[in-house]
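The values are calculated or read from the model by the stated rules, or taken from the named source; none is laboratory data. Keep in mind the model is a prediction, meaning the values are calculated, not measured. We place every Cβ from the backbone using ideal geometry, glycine too, and count neighbours over all the protein chains shown.
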Amino acid sequence: MSLVRNVGTIGGLTALSRVFGFVRDMLVARVLGAGMAADAFQLAFVLPNTFRRLFAEGAFSVAFVPMYTRTLAGEGGENAADKFASDVLAVFIWVLLGFSALAMLVMPGIVWLLASEYQSVPGKFELAVTLSRITFPYLGLVSLVAMLSGLLNAHSKFAPGAFVPVLLNVVLITGIVTGYFMREAGGTDVTVAWVQAIAVAAAGLTQLLYMAWATRKAGVRLKITAPHFTPEVKRLAMLILPATFGAGVYQISQFVDTFFATSLAQGSLTLLKYADRLNQMPLGIVGIALGTAILPMLARHIQTGDAREAQRLQTNAVEMATLLTLPAAAALAICAPAFVTAFFVGGKMTQANGAIMADIVIALVAGLPSYVLVKVFQPAFFSREDTRTPVWVSAGALIVNIGVNILVVPRFGIVGLAAATAFTSTLNVLTLYTILQIRGWFHFTGKLGGRIGRQLIATAAMSAVLISLMPLMASRYGGNVIEKIWSLGALCGAGLFVFFGVAYVTGALDKDLLAQLRRRRPKQAS
């Protein structure tokens, strides 16, 4: 299966998840607004979610998938790969249980480190601790989900892992609706937050059950045995330790952002997370899809010594990343007030909250291409089992991020914090590329540069159209459902038409990649 089709499969299902995620956040924004209960729940959700991205989908996946792929392609085949995965699972379960139990025990200290300012609001700190303890088991459950997803990815079965986030959002939507009716029956905003926290843990269990079924259906046979630290498991552990930090400065910086956001006015953390939802739409669909698809494919090329195919694969990935993120970043920045008003403002979410959120979106999406390109460049290191280099790069970027936040947050508040994240993510990806170029693992070609230049021309043409259209429908973005749909539909339709029209005329679209999209998938050998 080609990179394009893999990305299409993962991206399509991720897009479905993002739609459900949007519905979820729209409901939560209107039901809870940006008050005390909303902030407490956001912190409780940030903790397991960030650990999930850092450990399970980050460090563990980038270390485990290449080793599993190599074992699968080796002399032992399926049997050896299943044994390796079973050995890892036997150890992984106990690590997750121990870490989760410890975190829940010291949760007051964790919340204090990230949000000591919550103590200034009566009951807010205590609520955040309680909700965090309820949600934290989600980390262990979803970490097992990530492992099973990695197994299936190595077998070129990307759909189950891409679909499983939909289940999270469906369960959380059920939770917010249930909480709303409980509040109407005599509860409070705290009641809604409690129900949402319980729904997070329930969602993790639902996801694990689904992935266990999908893994069994795919013919992968895992056995839960007594833990044994085999040489392969020890090697995996040695790769995971540095990758825990190097898997992504974007994830690690979430804790830094949370710390600074909770020191600002009440509601700042909530507004930042809702703004990031808009940023996560293209990031999740494109970035996660590319990163997930490229790692096992790149690992196979590296193992066979096919440097030419590795270069071609990464070139295609960079081109696809910029083709989709450059116009997405420009469109989100220009149309941020329209999207925020239409999706989030209403109920307990005020127009003033929406104006701040729009500014945060503009600052965040300035780094959107970088957030995605990191997902393209890091697999070049991970597929060679080099998890140390991204550690040092991430460490440097994180130090810069903290320094920039100290300078800009007191002056520019939550918008400055978002801009600092975009800046340091760009610094991170430029550093990674420079190292790849020096080592000869990937180089930027003139053909790729020309293609990106044409993409920028198409993006500029689209931006001009959107800037001219935005004021014409300003009164419609906050209107009834029909007005919202047709006004946003007009913006999106015009933007897409102009961008892809100009891109086609200027040659920004690679006709070979388009041919791959049109080509039918070959049938799997039985």
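Remarks
- Checked against (1) without any contact (Cβ under 8 Å) to a residue 60 or more places away in the chain; (2) outside any helix (DSSP H, G or I); (3) not acidic (Asp, Glu), Arg384 meets all criteria but (1).
- Gly246 closer than 30 Å to Pro390 by Cα, in contact with a Pro (Cβ under 8 Å, 6 or more places away or on another chain) and modelled with pLDDT of 90 or more: no
One line per residue, one yes/no per condition, for (1) basic (Lys, Arg); (2) modelled with pLDDT of 80 or more; (3) under 18 Å from the mean Cα position of the chain (by Cα):
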{"position": "Ile240", "(1), (2), (3)": "no, no, no"}
{"position": "Gln254", "(1), (2), (3)": "no, no, yes"}
{"position": "Leu278", "(1), (2), (3)": "no, yes, yes"}
{"position": "Ala293", "(1), (2), (3)": "no, no, yes"}
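- Residue among Ile452, Ile435 that alone is under 30 Å from Ile402 (Cβ atoms), under 29 Å from the mean Cα position of the chain (by Cα) and in a helix (DSSP H, G or I): Ile435
- Cβ-Cβ contacts under 7 Å between residues 6 or more apart (or on different chains), taken from a first residue in the range 328-351 that is in contact (Cβ under 8 Å) with a residue 40 or more places away in the chain to a second residue that is of a type in the set (Ser, Thr, Tyr), are listed as Ala330/Thr459; Ala330/Ser463; Ile334/Ser463; Ala338/Tyr477; Thr341/Tyr477; Ala342/Tyr477; Phe344/Tyr274.
- Test for Gly413: is it over 18 Å from the mean Cα position of the chain (by Cα), assigned by TED's automatic domain parsing to the domain that holds Thr258 and on the phi > 0 side of the Ramachandran plot: yes
- The combined condition, being modelled with pLDDT under 90, in contact with a helix residue (DSSP H, G or I) (Cβ under 6 Å, 6 or more places away or on another chain) and surrounded by 21 or more Cβ atoms within 10 Å (Cβ to Cβ), is fulfilled by Pro379.
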